[in-house]
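Worksheet for the structure shown next.
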Amino acid sequence: MESDRAELSALATSLDELTRRITATADRYRGSPRDDVADGLYEVERSLLTAARKLDRVLRAMG
């Protein structure tokens with residue numbers, strides 16, 4: 001089970017990095033003629049943040 005925790009922890013790190021990259025891309029589109037792209041990416045960002053919080057709760061429950 002410890003290997004599962006380590007794998008999930010690594011995935012949490014990847015999820016954080018992915019979230020940062022999505023946010024950076026959304027920020028580049030904000031205020032441009034493709035503001036709709038920014039809106040969609042910010043929605044993805046919110047979903048990823050929710051997933052990260054849930055994964056963090058699972059990791060804490062695993063000890």
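Quick grid of which residues meet (1) within 12 Å of the chain's Cα centre (by Cα); (2) not aliphatic (A, V, I, L, M):
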position	(1), (2)
11	yes, no
15	yes, no
28	no, yes
33	no, yes
36	no, yes
39	no, yes
56	yes, yes
Residue 30 meets each of (1) closer than 30 Å to residue 63 by Cβ; (2) modelled with pLDDT of 95 or more with one exception, condition (1)
Could you tell me which of the residues 61, 38, 52, 12 is in a helix (DSSP H, G or I), exposed (fewer than 12 other Cβ atoms within 10 Å of the Cβ) and of a type in the set (A, V, I, L, M, F, W, C)? 61
The stretch 19-35: number of residues that are outside any helix (DSSP H, G or I) and among the charged types (D, E, K, R): 2
Kindly list, by first and then second residue, each pair from a residue in the stretch 49-61 that is closer than 15 Å to residue 4 by Cβ to a residue that is modelled with pLDDT of 95 or more, limited to pairs with Cβ atoms under 6 Å and residues at least 6 apart or on different chains. 55/12; 59/8
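The values are calculated or read from the model by the stated rules, or taken from the named source; none is laboratory data. Not measured: the values here are computed from a predicted model. Here Cβ is always computed from backbone atoms with ideal geometry, including for glycine, and neighbour counts include all displayed protein chains.
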